[in-house]
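These notes concern the structure reproduced below.
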Amino acid sequence: MIIRDSKCARLIDFTIPVNIPVHAIAINNSGTIAATATADHVIRIWNLEKDSIVHTMAEHSELIQVLSFSPNEDYLVSGSKDKTLILWDYNSGYKLEDVNMGSPISSLSFHPLEPYMAIGLHSGECEIMNYRTGEAVRRLAGHSLPIKSVTYSKDGSRILTGGTDNTFILWHKSGRMVKSFAGHQGPVL
């Protein structure tokens, strides 16, 4: 694993202790902690200032496709093909909560201002969840195939989902579909 600065200069090289592929990676806002998820279903928390692994966490039973730090850095969230979303205290390495989403998880985005996350699912739906309470807020259904990308607008008023159905959909945060965009020749990843 290589950490680079904003001008692509190499800062740090890490060697994953096992020779297997990394499928997801995240870095916290302060740039001091990184998380990696490898093909052996293990999450490793790295202290970037000390060049060392702080914790290893192994709770998923299938490929981890999503890793993301919450905006206020309270949590690390992982999502997997095993249909579980796990909230972690990455400082201690402990699992705080796991939620069965009913479908493999392929993407995730945090609301920039409120404690919500949009979770892209293999079912073609996007689940909006309060990450502090674990409550499902709403489910957006509009894709006919798996969602592969999801993001909030800068102000959090809109959500954009992209799928393997070659479309992307713009949603109002209330759950109302604003517009579906078609015309891509392949999946919107």
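The values are calculated or read from the model by the stated rules, or taken from the named source; none is laboratory data. Since we're looking at a predicted model, the values are computed, not measured. Here the Cβ is made from the backbone with ideal geometry for all residues, glycine too, and neighbour counts use every protein chain on show. All accessible areas refer to the heavy atoms of the entire protein, side chains included, with ligands and DNA or RNA removed. Shrake-Rupley method; radii C 1.70, N 1.55, O 1.52, S 1.80 Å.
Among the residues making up region 90-141, those that are open to solvent by less than 60 Å² (accessible area, probe 1.4 Å) and hydroxyl-bearing (Ser, Thr, Tyr) are Tyr90, Ser92, Ser103, Ser106, Ser107, Ser109, Ser123, Tyr131.
Do you know which residues across region 90-102 are more than 17 Å from Val42 (Cβ to Cβ) and of a type in the set (D, E, K, R)? Across region 90-102, the qualifying residue is only Glu97. Take the conditions more than 26 Å from Phe168 (Cβ to Cβ) and over 14 Å from the mean Cα position of the chain (by Cα) and apply them to Glu97. Does it pass? So Glu97 fits the description; yes.
Of the residues making up region 114-160, just one is touching a Gly at 6+ places or on another chain (Cβ under 8 Å), among the charged types (D, E, K, R) and assigned to a loop (DSSP other than H, G, I, E, B), namely Glu114.
In this structure, does Thr167 turn out to be open to solvent by less than 30 Å² (accessible area, probe 1.4 Å), touching a strand residue (DSSP E or B) at 6+ places or on another chain (Cβ under 9 Å) and more than 19 Å from Leu108 (Cβ to Cβ)? It is true that Thr167 is open to solvent by less than 30 Å² (accessible area, probe 1.4 Å), touching a strand residue (DSSP E or B) at 6+ places or on another chain (Cβ under 9 Å) and more than 19 Å from Leu108 (Cβ to Cβ).
A residue that is in contact (Cβ under 8 Å) with a residue 40 or more places away in the chain, among the small types (Gly, Ala, Ser) and surrounded by fewer than 19 Cβ atoms within 10 Å (Cβ to Cβ) occurs somewhere in region 28-36. Taking the listed residues Ile119, Ile128, Ile147, the one that is touching a Ser or Thr at 6+ places or on another chain (Cβ under 7 Å) and of a type in the set (A, V, I, L, M, F, W, C) is Ile147, with no other qualifying.
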